[in-house]
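Just so it is clear, none of the values below were taken in a lab; they were calculated from the coordinates. This structure is a prediction, so every number in the text was calculated from the model and none was measured. For neighbour counting, all protein chains shown are included, and Cβ atoms are generated from backbone atoms with ideal geometry for every residue, glycine included.
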Amino acid sequence: MSVGRTVSIVGTGSYVPERVVTNDDLAALVDTSDEWIYSRTGMKERRICAEDQATSDLGAAAARAALANAGVAAAEIDLLIVATLSPDMFFPSTACFVQDQIGAVNAFCYDLGAACSGFLYAIENARAQIACGAVETALVVGAEKMSAFLDWDDRSTCILFGDGAGAAVMRASDSGRGVMPAVMGSDGSLADLLWTPGGGSRNPISHEMVDRKEHFIRMQGRDVFKHAVTRMGDAVMAALEQNDVAVDEVSCFIPHQANIRIIDAIAKRLGVEDRMFSNVEKYANTSSAALAIALDEAAREGVLKAGDLAVLTVFGSGFTWGANVLEWGG
Ligand code: UT7
């Protein structure tokens, strides 16, 4: 199924803000408890940005770490994609701000909007461009300052998210199977189950819109939960089949980190409870950064070793979803 050159991830990095906000800290803000949050989501704490930090600052820190890990200079990057739903501003792209901070002077840069699925979409986007020879070296970043878009009076959403960023450097490779083509899908008919309804061209910024708090994230949690389990499970099966890989050959499954109960349900369905990676306890849901941070941690902690096969899977607003299979270090 793969067309063109083999493409590998040659380095990863991540960055989370210093400030830790625990469930007890949130219980002082809204009517919730550590017990409710932990039992419903598996989250214990999350990182929240300093006021003067923007999404590109997080992305640039993660990007620098990934470049150092890869031994690649910023000037070698041809393509820089930032996946985010919390850009520094509408335009220019957050990718351009990251470019400027890290000195990726030879890159063309753009943002990718696929909400929580963005990092996997960006990996696939870069993979295809490297595979066909359009690009040699790509830097993909998932970065979010979710805290800027949360209603801190809404206990059903503000407890769920955190800030952070992760990044990966990708290049053509002459060994192993590398990053295999992804399976991805979208269903725009379900957009209103998870969205920020105000602030764009449909519902522009106005005092009334802000008074109605439509510039904050809104979610129908139960519906999103069900779709996330089904879509990620199906996507993983389809990606394995498409690339002729058996479930038993996979050493590590790295899913979007939105809720430990979603992760457990997928693991149970696939029969891979012993190989599922999660760090949702430490960072909560960092949207497009979640997979990027998890991938970096799995690599740094030695969960992923050279030659291992891993599966990445995501689900997010849109709805959007996807999965891919990769041979680590190959
Ligand atoms: O990243 C993109 C994908 N996002 C997701 O995948 C999130 C998917 N959804 C979820 O993770 C879960 O649906 C939640 C964690 C958001 C909610 O868990 P739930 O088990 O589905 O709870 P619920 O929304 O059905 O709410 C149950 C009860 C409600 O009270 P009543 O109506 O039963 O009296 C809520 O008002 O829990 C209440 N509740 C809370 N109570 C204490 C909602 N939020 C809180 C809270 N603390 N923070």
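In percent, rounded to a whole number, the relative contact order of the chain is 25, using alpha-carbon pairs under 8 Å and six or more apart.
Is it possible to state the helix-based mean residue ellipticity at 222 nm for the chain, with each DSSP H run of 4+ residues giving -39500 (n - 2.57), the sum divided by total residues, to the nearest 500 deg cm²/dmol? What is it?
Numbers: 11 runs with 111 residues, N = 330.
The helix contribution divided over the chain gives -10000 deg cm²/dmol.
The GluC sites (Glu not before Pro) found in the range 277-318 that occupy coil by DSSP, while having at most 13 further C-beta atoms within 10 Å, are Glu301.
Other residues lying with their Cβ under 14 Å from the Cβ of Ala50 contribute a combined charge of -2, Lys and Arg counting +1, Asp and Glu -1.
Taking label points 7 Å from Cα along the Cα-to-Cβ direction, His207 and Glu18 give a separation of 4.0 nm. For the range 183-244, what does the alpha-carbon gyration tensor say about shape, rounded, prolate or oblate, given a ≥ b ≥ c as the root eigenvalues, a/c under 1.5 as rounded, and a/b over b/c as prolate? Note, shape of the range 183-244 comes out prolate. If the segment from Arg269 to Glu136 were pulled out straight at 0.36 nm per residue, it would be longer than the present Cα-Cα gap by 44.1 nm. For the range 100-248, the relative contact order comes to 19 percent (Cα pairs under 8 Å, sequence separation of at least 6).
Where in the range 124-222 are there trypsin sites (Lys or Arg not before Pro) that are in a DSSP coil and have at most 16 other Cβ atoms within 10 angstrom of their Cβ? Write down the numbers at each step before the final one.
Details: sites: Arg127, Lys145, Arg155, Arg171, Arg177, Arg202, Arg212, Lys213, Arg218, Arg222; in loops: Lys145, Arg177, Arg202, Arg212, Lys213.
Loop-located and lightly packed - Arg202, Arg212, Lys213.
Oblate is the label for the range 249-317. Its Cα gyration tensor axes, ordered a ≥ b ≥ c, give a/c of at least 1.5 and b/c at or above a/b.
Please sort by residue number the GluC sites (Glu not before Pro) in the range 1-46 whose DSSP state is loop and whose Cβ has at most 11 other Cβ atoms within 10 Å.
Working: sites: Glu18, Glu35, Glu45; in loops: Glu18.
Within the range 1-46, the qualifying GluC sites (Glu not before Pro) (loop, at most 11 other Cβ atoms within 10 Å) are Glu18.
Of the Cα atoms belonging to the chain, the radius of gyration and Dmax stand at 18.6, 57 Å. Highest mean packing first, where packing is the average number of other Cβ atoms within 10 Å per residue, the peptides 69-76, 180-187 line up as 180-187, 69-76. Taking 19 Å as the cut-off, the amide N atoms of the range 272-311 that come nearer than this to a point 7 Å along the Cα-to-beta-carbon line of Glu249 belong to 272, 275-276, 304-311.
Between Glu241 and Glu51, the FRET efficiency from the beta-carbon distance, with R0 = 56 Å, is close to 0.75. The residues packed around Phe161, meaning those with a beta-carbon under 13 Å from its beta-carbon, carry a net charge of 0 if Lys and Arg are +1 and Asp and Glu are -1.
Other residues within the sphere of radius under 12 Å centred on the Cβ of Val314, judged by their own Cβ, net out at 0 (K and R +1, D and E -1).
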